[in-house]
Structure formats: structure tokens, C-alpha cells
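Reading through the C-alpha cells given below for one structure.
The values are calculated or read from the model by the stated rules, or taken from the named source; none is laboratory data. Since we're looking at a predicted model, the values are computed, not measured. Virtual Cβ from ideal backbone geometry, glycine too; neighbours counted across all protein chains shown. The area values use the complete protein model at the heavy-atom level, side chains included, leaving out ligands, DNA and RNA. Shrake-Rupley method; radii C 1.70, N 1.55, O 1.52, S 1.80 Å.
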Amino acid sequence: MLLSTCTFRPEGIYFAMLTPFDAEGRINESVLRDMVDFCIEAGISGLFPVSSSGEFVHLSLEENCRLMDIVVDQARGRLPVTPGVSTSCADNSIHLAKHAQALGCPAVVVCPPYYYPVSQEVIESHFAAIAKAVDIPLIIYNIPAFTTPISYELVARLSNDLPVVGMKDSSGSMADFVQFMEQVRQTGADISFMCGREEILLPALAIGGQGCMVVSAGIVPEILMEIYQLCEAGEYHRAREVQFALLRFLQTANRLPFPSGFKLALELRGFPMGAFKQPLPTSSQQEVEEIKAELKHAMEEMLEPRGLPLVVNR
């Protein structure tokens, strides 16, 4: 078991970062730096760049490395940065993981290889190849919407055999979340469990999860932090009220193809996100405007009672 040498554990509220683009479709560095500062000032626990919500699949390896560079530089050690190193093959994941290691990141987030169907055996080999090639802890990323789900048994085995310090489960299933926790617990491994869906943050924390890695943590960090802090204080009744207050926002943002709705929401807070990498049909423009108006209303309903402005002054 390799975990004895890994002291870092992800916990709390992590922003699965969106990526802002300029008029030429390049990473908008100034906006990205403002996003980092906004999240730090809001008190969140960590940053997860090169994420699914950050559209890493549309970017080159060099661009994803550049994302890491900017976020790590702007964070300046004020909170942990755990970049994604997910790609369709181990070689490319190793390339990204080596870059994260060189930057001093405490861990990297990696999901199974995608596009081609893979078995649990192939997934295990993928993680093992990355762990062998780099000296940096891994956070297992289960995201069934985009790649092969990881089995409970494999997560337990990886947590014992490799330097795994955490798991992000984006299945959205509390049944799966609990099963992952129990299977790993039975082996004696010690890792953090982070949910990847905001809708189940409260129940995940109540059952013993350590936090979340989600996109809305960088859009309405104040709300996610409130749920987390109320749970830490044992005030589950109040945390439940905030959890349900978040639901309308999530439902509205998810009406557009992911992550377009969330990028609209972050624009409403004052961060220009640029054109979508995967454009929406022109016929949907009216719907986009309607959703934007509904997002504004949903966010104001959460923020205004707390004395928080919709638009962040920077």
C-alpha cells in the first residue's frame, strides 16, 4: 500500500474550472486570473483546472499545460491546484501529469481513457502507467456521462495499489457514492471522496464525504461554501434549505449543452467567457436569451438575501 507517503487529501469546495476564451478563441489569461482571485477571496478550498467543464477535450496538450501555468501562478500557493490530466491514452496523460508535477501541484485528477470503449482491466493499466511514470498523487475521476464507469472493486484496488489520495464521483448517484466509500473502507485505504454533482453535496457530506469538485463552486462559491460550512457545524436543516435553493439554478444551467449554461452564468457575474468552443445552433439563440434571464433571476434569488451582488467588482 503506497498511501503512507501521500499526505495531501482533497477536501472542501473545489472549482471544476471553466475556461474563458478571447475573440480569437485562445485562453483569456486576464479573465482566468480574475476567476482565480474571485474564488480565493470567496474562500473555496481548491481549484481543478483542465476539467470537463473547462472543455479540455477541445484544447491541445500545450494549451492545457498553459492553463495549469496560469492558474498555479495566480494561485501563488494560496490554495491547492489539482489539474486534470485526462486524455484518451496514457502517453498524453503522462505528459500533462509531468507538467503538473513540475509546477508543484499536490495531485492530479484523471478519468478512464475515453472515446474507444475500454474494460476495467484497461482502465487499471491506464492508471498504473501514469502512476509509474510520474511522482504525483492521483485523484480518481469517475464520470459515466463521458467515459466507461469505474467499478467499485477497481476503485478499491487502485486505492491500495497506487498513490491515490481521492476520488471525484460524477455519477450523481448516492448509491454509487456510498458503495465506493464502503468498498475502499473495507480495504483499509484512506482517501477523500468528493462528489462531482452539486445536487448531492449535502447528502454526500452527511454520509461522510469530504466535499465536492463542481463547476458552480466558481460561479456561486458563496452558496457552496455556505452548505459546506453549515454541514461542518452540524446545522443540516439550514444546509438543506440552501441545497434546495441551489437546485433551480442548476436545472436552468443544464438546459443548454454542458457547459454552455454555466458559462452564461459566470458571464452574469462579470467574467467574459468568449464564444463557445462548440457553437450552439443559431435557432437556439432565443432560448439562450431566455435561459440567461432565468439564470439571472435564480442567482439573484440566492445572492441578494445574503447581501451579495450578482456582478463581482474587480
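Please go through region 112-129 and pick out each residue that is under 20 Å from the mean Cα position of the chain (by Cα) and surrounded by 19 or more Cβ atoms within 10 Å (Cβ to Cβ). Walk me through how you get there before you give the answer.
Step one: filter region 112-129 for residues under 20 Å from the mean Cα position of the chain (by Cα), giving 112-114, 127.
Once the filter is applied, which keeps residues that are under 20 Å from the mean Cα position of the chain (by Cα) and surrounded by 19 or more Cβ atoms within 10 Å (Cβ to Cβ), region 112-129 yields PRO112, PRO113, PHE127.
Of the candidates GLU182, GLU198, the single residue that is charged (D, E, K, R) and touching a Ser or Thr at 6+ places or on another chain (Cβ under 8 Å) is GLU198.
ILE143 meets the stated requirement of being open to solvent by less than 50 Å² (accessible area, probe 1.4 Å), of a type outside the set (Asp, Glu) and closer than 19 Å to PRO117 by Cβ. Among the residues making up region 230-240, those that are of a type outside the set (Phe, Trp, Tyr) and assigned to a helix (DSSP H, G or I) are LEU230, CYS231, GLU232, HIS237, ARG238, ALA239, ARG240.
The residue that is farthest from LEU308 (Cα to Cα), among those in region 260-271 that are of a type outside the set (Phe, Trp, Tyr) and touching a helix residue (DSSP H, G or I) at 6+ places or on another chain (Cβ under 6 Å), is GLY261. Given the structure, is ALA128 in a helix (DSSP H, G or I), without any contact (Cβ under 8 Å) to a residue 60 or more places away in the chain and in contact with a Leu (Cβ under 9 Å, 6 or more places away or on another chain)? The answer is yes for ALA128. Counting only residues that are open to solvent by 70 Å² or more (accessible area, probe 1.4 Å) and either part of a helix (DSSP H, G or I) or on the phi > 0 side of the Ramachandran plot (or both), region 299-312 holds 4 of them. Within the set of pairs 6+ apart or on separate chains, which have a first residue in region 169-180 that is closer than 11 Å to PRO203 by Cα and in contact (Cβ under 8 Å) with a residue 12 or more places away in the chain, a second that is among the hydroxyl-bearing types (Ser, Thr, Tyr) and open to solvent by less than 40 Å² (accessible area, probe 1.4 Å), and C-beta atoms under 9 Å apart? Pairs found: PHE177/SER171.
Considering region 268-298, the residues that are touching a residue at least 40 places away in the same chain (Cβ under 8 Å) and either outside any loop (DSSP other than H, G, I, E, B) or at positive phi (or both) include one that is surrounded by the most Cβ atoms within 10 Å (Cβ to Cβ), namely LEU295. Picking from residues in region 1-60 that are farther than 26 Å from CYS231 by Cα and of a type in the set (Asp, Glu), the one that is least open to solvent (accessible area, probe 1.4 Å) is GLU55. The requirement of being on the phi > 0 side of the Ramachandran plot and open to solvent by 30 Å² or more (accessible area, probe 1.4 Å) is fulfilled somewhere in region 89-111, by at least one residue. Within the bounds of region 252-263, is there any residue that is over 26 Å from GLU24 (Cβ atoms), crowded, with 17+ Cβ neighbours inside 10 Å and not small (Gly, Ala, Ser)? Checking region 252-263: at least one residue is over 26 Å from GLU24 (Cβ atoms), crowded, with 17+ Cβ neighbours inside 10 Å and not small (Gly, Ala, Ser).
Return the residues of region 131-140 that are outside any helix (DSSP H, G or I) and open to solvent by 30 Å² or more (accessible area, probe 1.4 Å); say none if nothing qualifies. ASP135, the sole residue that qualifies.
Say we look at region 182-198 and pick out the residues that are farther than 18 Å from GLY46 by Cβ and free of Cβ contacts under 8 Å to residues at least 40 places away in the same chain; which of these is most open to solvent (accessible area, probe 1.4 Å)? Looking at residues that are farther than 18 Å from GLY46 by Cβ and free of Cβ contacts under 8 Å to residues at least 40 places away in the same chain, I get ARG185. Taking the criterion of being closer than 22 Å to ARG9 by Cα and of a type in the set (S, T, N, Q), the only residue of region 109-145 that qualifies is ASN142.
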